[in-house]
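In what follows, a structure is listed as structure tokens, so that the remarks can point back to it.
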Amino acid sequence: MAKLYIFAGIVAAVAIFFKSPWFKGWIGELQINLVTKFSLNKGIYHLIKNVTIPADGGTTQIDHIIVSRFGVFVVETKNLRGWIFGKEGDAYWTQKLYRHSEKFQNPLRQNYKHTETLAEILRISADKMRSVIVFPGDSTFKTEMPENVTGTRGYIQYIRSQTRRVLTEDEVKEVINIIAEKRLAPGLKTHLQHVKHVNDMKAQKNHRT
């Protein structure tokens, strides 16, 4: 009987893990990694994954950065299911799954901070930065979205549609080198420090309200 309880506990823990936001986010990022690698020319588009950089006395974490002569693409992934409602200027968007509705921060605003922070570190102008929001999950937009907010297939199409050269090949190499120099070392320690910073910021915001 004891073994049965242990087994049931393990099964429950595994089920919770696979349903956790962290795991869903990881799966979404993995999907975008694979799509990027197999759909974009590696000689032109240089993918940098999971970049944590100093910001506002703490850190900010960027899911993917794609550096090319057509700009620096800052990619935020949202692996959500169901219907997605939101407007560009809204502070929060809504996910509706069956009868359940949940609000989440407007990812355009979230990625604006990422883009601005990275541009400052790279010391390049905003017109060379490209903010991209990707919903790789089984979701449907129920309101009209800007062209840089898209699903997985549209994500590749959007990047390929940016054909105006804004960086030289030397500048592309310099951007890649600066990111490698300024990013914090990938790993559990960096991730936990970032999570703590995010939680501290949320606590401060809740306290003010």
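The lone criterion from (1) out of contact with any helix residue (DSSP H, G or I) (no Cβ under 7 Å at 6 or more places or on another chain); (2) in a helix (DSSP H, G or I) left unmet by K96 is number (2). Checked against (1) under 19 Å from the mean Cα position of the chain (by Cα); (2) charged (D, E, K, R); (3) over 19 Å from T59 (Cβ atoms); (4) surrounded by fewer than 13 Cβ atoms within 10 Å (Cβ to Cβ), R99 passes all but condition (1). Screening V75 with (1) closer than 16 Å to E29 by Cα; (2) in a strand (DSSP E or B); (3) in contact with a Lys or Arg (Cβ under 8 Å, 6 or more places away or on another chain) gives one miss only, at (3). Among residues of region 48-69 that are among the hydroxyl-bearing types (S, T, Y), those with a Cβ under 8 angstrom from a residue that is part of a loop (DSSP other than H, G, I, E, B), sequence gap 6+ or separate chain, pair up as T52/R183; T52/L184; T52/P186; T59/L184; S68/I44; S68/Y45; S68/L167. From the residues in region 56-92 that are more than 15 Å from L118 (Cβ to Cβ) and among the β-branched types (V, I, T), which one is surrounded by the fewest Cβ atoms within 10 Å (Cβ to Cβ)? Filtering first and then ranking leaves I84.
The residues of region 124-147 that are assigned to a loop (DSSP other than H, G, I, E, B) and without any contact (Cβ under 8 Å) to a residue 40 or more places away in the chain, listed by number, are S125, E144, E147.
Test N41 against the stated conditions and say whether it is outside any strand (DSSP E or B) and crowded, with 19+ Cβ neighbours inside 10 Å. Judged against the criteria, N41 is not a match.
Would you check if there is a residue in region 105-121 being β-branched (V, I, T) and free of Cβ contacts under 8 Å to residues at least 24 places away in the same chain? Scanning region 105-121 turns up no residue that is β-branched (V, I, T) and free of Cβ contacts under 8 Å to residues at least 24 places away in the same chain.
Every number in this text was worked out from the coordinates using simple rules, so none of it is lab data. Everything numeric in this text was worked out from a predicted model, so none of it was measured. In this analysis, Cβ positions are derived from the backbone assuming ideal geometry, glycine residues included, and neighbour counts consider all displayed protein chains.
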